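The values are calculated or read from the model by the stated rules, or taken from the named source; none is laboratory data. The model shown is predicted, which means the values in this text are computed figures rather than measured ones. Don't worry about glycine lacking a Cβ; one is built from the backbone with ideal geometry, like all the others, and counts go over all protein chains shown.
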């Protein structure tokens, strides 16, 4: 009888652990972001001020590739990073683009973060975001497994996995 109870408790613990696993950051085993990505497009970000962002930087990045490797991010200019510390987290609309949609909402209650996220292709209510631990402080937000977006200097860039 005692052994049966212990087995039942163990099964219950395993079930709870599996059900809650999605709450934890992804591990190195979940490295689907590794590989070559192309910066396919860029659009002006809605959080920018009245001045238009400089198109020169945007034009210099669109069409370039970014390669996420275990110990390096190889990419043009500010996108490159030696020794990244990858962490994949789930974020709500308020957390996209380093909290820019949330800041917009705080300034103007009509700026709904979820509606803004949908405007840029995000479906659902939470998304995987890759934090790199790099000094550039860029996060890469996954619209789907082969599409990611990041914000830089009032532009939103779209990456496509190659």
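Any residue at all in segment 3-24 that is closer than 23 Å to residue 129 by Cβ, in a loop (DSSP other than H, G, I, E, B), in contact with a strand residue (DSSP E or B) (Cβ under 8 Å, 6 or more places away or on another chain) and at pLDDT below 95?
The answer is no; no qualifying residue exists.
Do you know which residues across segment 50-79 are free of Cβ contacts under 8 Å to residues at least 12 places away in the same chain and surrounded by 15 or more Cβ atoms within 10 Å (Cβ to Cβ)? Quick ask: steps written out before the conclusion?
Residues of segment 50-79 free of Cβ contacts under 8 Å to residues at least 12 places away in the same chain: 50-52, 55-56, 59, 74-75.
Listed by number, the list holds a single entry, 75.
Every residue in segment 100-126 that is surrounded by 16 or more Cβ atoms within 10 Å (Cβ to Cβ) and farther than 25 Å from residue 160 by Cβ, please.
Scanning segment 100-126 gives 102, 104, 105, 111.
Do any strands (runs of 3 or more DSSP E) lying entirely in segment 33-86 carry at least 2 residues that are at pLDDT 95 or above and under 24 Å from residue 119 (Cβ atoms), and which ones are they?
Values: elements: 35-44, 65-68, 72-74.
It comes to 35-44.
Conditions tested, residue by residue: (1) within 25 Å of residue 31 (Cβ to Cβ); (2) assigned to a loop (DSSP other than H, G, I, E, B); (3) out of contact with any strand residue (DSSP E or B) (no Cβ under 7 Å at 6 or more places or on another chain).
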position	(1), (2), (3)
97	yes, no, no
110	no, yes, yes
117	yes, no, yes
123	yes, yes, yes
142	yes, no, no
148	yes, no, no
159	yes, no, no
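What tally of residues in segment 99-108 results from selecting those that are in a helix (DSSP H, G or I), without any contact (Cβ under 8 Å) to a residue 12 or more places away in the chain and over 12 Å from the mean Cα position of the chain (by Cα)? Lay out the reasoning, then the answer.
Let us first name the residues in segment 99-108 that are in a helix (DSSP H, G or I), namely 99-107.
Next, from what is left, pick out any that are without any contact (Cβ under 8 Å) to a residue 12 or more places away in the chain: 99, 102, 105-107.
Okay, now just the ones that are also over 12 Å from the mean Cα position of the chain (by Cα), so 102, 105-107.
Number of matching residues: 4.
Residues 138, 159: which one is surrounded by 15 or more Cβ atoms within 10 Å (Cβ to Cβ), touching a helix residue (DSSP H, G or I) at 6+ places or on another chain (Cβ under 8 Å) and modelled with pLDDT of 95 or more?
Numbers: 159 fails: touching a helix residue (DSSP H, G or I) at 6+ places or on another chain (Cβ under 8 Å).
From the options 138, 159, the qualifying one is 138.
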